[in-house]
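The values are calculated or read from the model by the stated rules, or taken from the named source; none is laboratory data. Note that the structure is predicted; figures quoted are calculated from it, not measured. Heads up, the Cβs are rebuilt from the backbone with ideal geometry, glycines too, and the neighbour counts pull from every protein chain shown.
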Amino acid sequence: MSSCNVSYDEVLQSFFEVAKRAGTTILNATNSQTSSSTTYLDTKKNSADLVTETDKAVEKLISTTLLSKYPTFKFMGEETYKPGTPLDDSPTFIVDPIDGTTNFVHGHPYVSIALGFALEQKSVVGLVFNPYTGIMYYATKGGGAWKKVLEPTGDGDWKLRNERVKLPIGEPSAFAGLDGTMVAVEWGSDRSGSNWQTKVNTWNRLGRSKDEGGAMVHSARCLGSAALNLCAVAEGHVDIYWEGGCWAWDVCAGWIILTEAGGIMADGNPPSDGNERWEIPITHRKYLAVRAAPGGQKETVKEFWGHIEGWMEYEH
Ligand code: LIP
């Protein structure tokens, strides 16, 4: 039970219900699409920043459902967000109806519904559901992080296929340096200026051989959904996720899943004037997530910071 008398489990139950309905809506939209009939309502800031009518319909479904149950709570959603709207300490739903819209438009099944709940600007309940795989990740503060698998029943509902398992999966190993890691990165839709250059230079450093000053990581993955990337790090099959430019709704749900699974979230920018930022706000827009490990988590973050070439700046 939280400081403002909200039961995290009760919020989670509401998330289970609305995630299934949202999942059905996305599958129905997919099934009614043919490759040529994918219409997206608009592009937002540029041609790589897409939105579809399904994004808007699913957000409406989620906001009306949750706010009818919790009328005094606030709602921050990708498709209705007004730039500059501050996140305050009030109970707030932070939601991305379709995280991975570009994947959705292209029919690539790495898509999720990301339902987050924040109190005092901290993520305390999170659920991430990929309707194509049926995989659902969820967590409540102090309640641990879990994964279960559902399957559609064909009449708009879902049934359990695999029982829940606790995250991380298996015994996490200690970190022994960046050169043994797999890193998730994203292009995002900001493709010019110093933010883009910082990303490109840093990817180069991460991949480059050590004798040329690189980190020689095992490999990088660019999967297209911040929320699913955070869940992959929570599960432990991806070691690190680094991105600048995504938003509070892309990371809120996955954040509590990551930390309840023993992972940490640090600044996506390197320390300035020696000031290491281990605590960052949900609205920071520069994120570095590292999986659970019996040793070497903070050393890995510091080594990673050492390979970031440049500095990223984004307004929320
Ligand atoms: C996406 C994020 C991804 C980022 C994309 C976009 P969307 O969210 O999940 O990490 O690289 O630019 O922000 O727009 O698909 O909900």
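Run Gly244 past the list (1) buried (at least 20 other Cβ atoms within 10 Å of the Cβ); (2) in contact with a Ser or Thr (Cβ under 6 Å, 6 or more places away or on another chain); (3) in contact (Cβ under 8 Å) with a residue 40 or more places away in the chain and report the number of the one that doesn't hold.
Result: Gly244 passes all but (2).
If you go through the stretch 223-267, how many residues are within 12 Å of the ligand (Cβ to nearest atom), within 21 Å of Leu178 (Cβ to Cβ) and assigned to a loop (DSSP other than H, G, I, E, B)?
Number satisfying all stated conditions: 1.
So for the stretch 166-184 (the condition being aromatic (Phe, Trp, Tyr), part of a loop (DSSP other than H, G, I, E, B) and in contact (Cβ under 8 Å) with a residue 12 or more places away in the chain), does at least one residue qualify?
Step one: of the stretch 166-184, the residues aromatic (Phe, Trp, Tyr) are 175.
If we keep only those that are part of a loop (DSSP other than H, G, I, E, B) too, we end up with 175.
Filter once more, keeping what is in contact (Cβ under 8 Å) with a residue 12 or more places away in the chain: 175.
So far as the stretch 166-184 goes, yes, one or more of its residues are aromatic (Phe, Trp, Tyr), part of a loop (DSSP other than H, G, I, E, B) and in contact (Cβ under 8 Å) with a residue 12 or more places away in the chain.
State the number of residues belonging to the stretch 24-47 that are under 22 Å from Tyr81 (Cβ atoms) and modelled with pLDDT of 95 or more.
Residues flagged as under 22 Å from Tyr81 (Cβ atoms) and modelled with pLDDT of 95 or more within the stretch 24-47 amount to 2.
Look through the stretch 243-277, keep the residues that are more than 14 Å from Cys231 (Cα to Cα) and among the small types (Gly, Ala, Ser), and return whichever of them is nearest to the chain's Cα centre (by Cα).
Quick first cut of the stretch 243-277, residues more than 14 Å from Cys231 (Cα to Cα) only: 243-249, 266-277.
Those still in the list that are among the small types (Gly, Ala, Ser) too: 244-245, 248, 266, 268, 272, 274.
Working: Gly244: 12, Gly245: 12, Ala248: 9, Ala266: 14, Gly268: 14, Ser272: 25, Gly274: 28 Å.
Of everything passing the filter in the stretch 243-277, Ala248 is nearest to the chain's Cα centre (by Cα).
Out of the stretch 268-293, which residues are without any contact (Cβ under 8 Å) to a residue 60 or more places away in the chain and farther than 24 Å from Val125 by Cβ?
Answer for the stretch 268-293, where residues must be without any contact (Cβ under 8 Å) to a residue 60 or more places away in the chain and farther than 24 Å from Val125 by Cβ: Asn269, Pro270, Pro271, Ser272, Asp273, Gly274, Asn275, Glu276, Arg277.
Going through Leu119, Leu160 one at a time, which residue ends up being more than 23 Å from Gly244 (Cα to Cα) and either among the basic types (Lys, Arg) or in contact with a Ser or Thr (Cβ under 8 Å, 6 or more places away or on another chain) (or both)? Write out each step before concluding.
Working: Leu160 fails: either among the basic types (Lys, Arg) or in contact with a Ser or Thr (Cβ under 8 Å, 6 or more places away or on another chain) (or both).
Checking each option against the conditions leaves just Leu119.
In the stretch 46-68, which residue that is among the polar types (S, T, N, Q) and assigned to a helix (DSSP H, G or I) is nearest to the ligand (Cβ to nearest atom)? Spell out how you get there, then give the answer.
Quick first cut of the stretch 46-68, residues among the polar types (S, T, N, Q) only: 46-47, 52, 54, 63-65, 68.
So of that shortlist, the ones also assigned to a helix (DSSP H, G or I) come out as 54, 63-65, 68.
On the way: Thr54: 12, Ser63: 15, Thr64: 20, Thr65: 19, Ser68: 24 Å.
Going through the qualifying residues, I end up with Thr54.
Just to verify a result, which residue in the stretch 188-216, among those that are more than 15 Å from the ligand (Cβ to nearest atom), basic (Lys, Arg) and not in a loop (DSSP other than H, G, I, E, B), is nearest to Thr102 (Cα to Cα)?
My answer is Arg205.
Okay, residues lined up against (1) crowded, with 23+ Cβ neighbours inside 10 Å; (2) hydrophobic (A, V, I, L, M, F, W, C); (3) more than 26 Å from Val111 (Cβ to Cβ):
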site: Asp211; (1), (2), (3): no, no, yes
site: Cys222; (1), (2), (3): no, yes, no
site: Val233; (1), (2), (3): yes, yes, no
site: Cys252; (1), (2), (3): yes, yes, no
site: Ala261; (1), (2), (3): yes, yes, no
site: Asn269; (1), (2), (3): no, no, yes
site: Ser272; (1), (2), (3): no, no, yes
site: Pro281; (1), (2), (3): no, no, yes
site: Tyr287; (1), (2), (3): yes, no, no
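What's the number of the only condition in (1) farther than 20 Å from Trp203 by Cα; (2) not assigned by TED's automatic domain parsing to the domain that holds Ser189 that Met312 fails to meet?
Every listed condition holds for Met312 apart from (1).
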